[in-house]
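Okay, structure first, notes after.
The values are calculated or read from the model by the stated rules, or taken from the named source; none is laboratory data. Just so it is clear, the structure is predicted and the values come from calculations on it, not from any experiment. So basically every Cβ, Gly included, is an ideal-geometry build from the backbone, and we count neighbours across all protein chains shown. Accessible surface is based on the protein model in full, side chains and every heavy atom, while ligands, DNA and RNA are left aside. Shrake-Rupley method; radii C 1.70, N 1.55, O 1.52, S 1.80 Å.
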Amino acid sequence: MNRNKWSIVCDGIEMAISSGQYPPGDKLPTEPELAAQFGVGRHSVRRAIAELAKAGKVSVEQGRGTFVESGPLLEYAIGQRTRLRKNLLSQGIDIHGELLDAQIITASAEVARALNLVEGAQVLQSQRITFGDGVPLAFGRAFHCPNRFPDFVARRDVLGSATEAYKTYGIDDYLRAQTTMHARLAQAHEAKTLKLHPQTAVMVVRAIDQLLDGTPISFSEVIWAASRVKFTMTNED
């Protein structure tokens, strides 16, 4: 019987979202208000909200409330020339990124191998978060050789993209050498950063970009909100 009650609440909220009663970005009524509206206990409301959050229909923000997810599922094409801004701007999405941290660190074995560096080499690690129409889509780390790319973080921030920053080093074109992807449940800090339910899936994307002659220039590991982005693998440029 309890399952039936939370299912009714879940279906009712979903119908209200689909009909436009609660448009994208809108805040849902409070837990007590929803409990009174559907004639159920607050436990049933909490279960319904949790299921909707795991499905990517709503996002729960601690201290603020529950909001309808903004915008449709985005398309992200991964091919020979994968460019984040080009991918998302072409869909009419307002892309905004923020630098979270940047520092010189000792490369892990994985990073050193990806960048063809000696073990123990120093690398520039930059951490960024990307928003689409104000909604957090992804965050992660990118690694570059600091000798090859001095001031890379500052140049990228001024110019707005890695592609434009590479041009200041004489790199007009580069290719995606390798992409690996796997899905898992979000860790606590990932769910908080991406404003996801703790039991929501994320997609972990690791990538190596290289020059046309095969020289690696970057390695990255990005955590994507799986419910907000659909990946397509393509051989086209």
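Qualifying chymotrypsin sites (Phe, Trp or Tyr not before Pro) in segment 150-237, where qualification requires a DSSP coil assignment and no more than 15 other C-beta atoms within 10 Å, comprise TYR169. Note on THR168 and SER18: with the Förster distance fixed at 30 Å, the Cβ-Cβ geometry gives a FRET efficiency of about 0.05. Accessible area per residue for segment 81-193, computed on protein heavy atoms with a 1.4 Å probe, is 54 Å². Within the accessible surface of the chain, defined with a 1.4 Å probe on protein heavy atoms only, the carbon and sulfur portion equals 50 percent. A full extension of the chain between VAL118 and GLU98 corresponds to an added length of 4.2 nm, given 0.36 nm per residue minus the alpha carbon distance.
Can you give the calculated 222 nm mean residue ellipticity of the chain, where each DSSP H run of n ≥ 4 adds -39,500 (n - 2.57) and the sum is split over every residue, rounded to the nearest 500 deg cm²/dmol? Mind showing how you got there, number by number?
Numbers: 8 runs with 71 residues, N = 237.
Result for the chain, helices only: -8500 deg cm²/dmol.
The ALA188 and LEU211 beta-carbon pair, evaluated with R₀ = 35 Å, returns a calculated FRET efficiency of approximately 0.35.
Taking GluC sites (Glu not before Pro) in DSSP loop states with no more than 13 other Cβ atoms inside 10 Å as exposed sites, the chain has its longest site-free stretch at 1-118. Pairs LYS54/LYS230; LYS5/LYS230; LYS167/LYS230; LYS57/LYS230: which are spaced more than 21 Å apart, C-alpha to C-alpha? From the list (LYS54/LYS230; LYS5/LYS230; LYS167/LYS230; LYS57/LYS230), the Cα-Cα distance tops 21 Å for LYS5/LYS230; LYS167/LYS230. Mind running the shape call on segment 147-237? Use the C-alpha gyration tensor, a ≥ b ≥ c as the square roots of the eigenvalues: rounded below 1.5 for a/c, prolate if a/b tops b/c, oblate otherwise. It comes out prolate by the Cα gyration axes.
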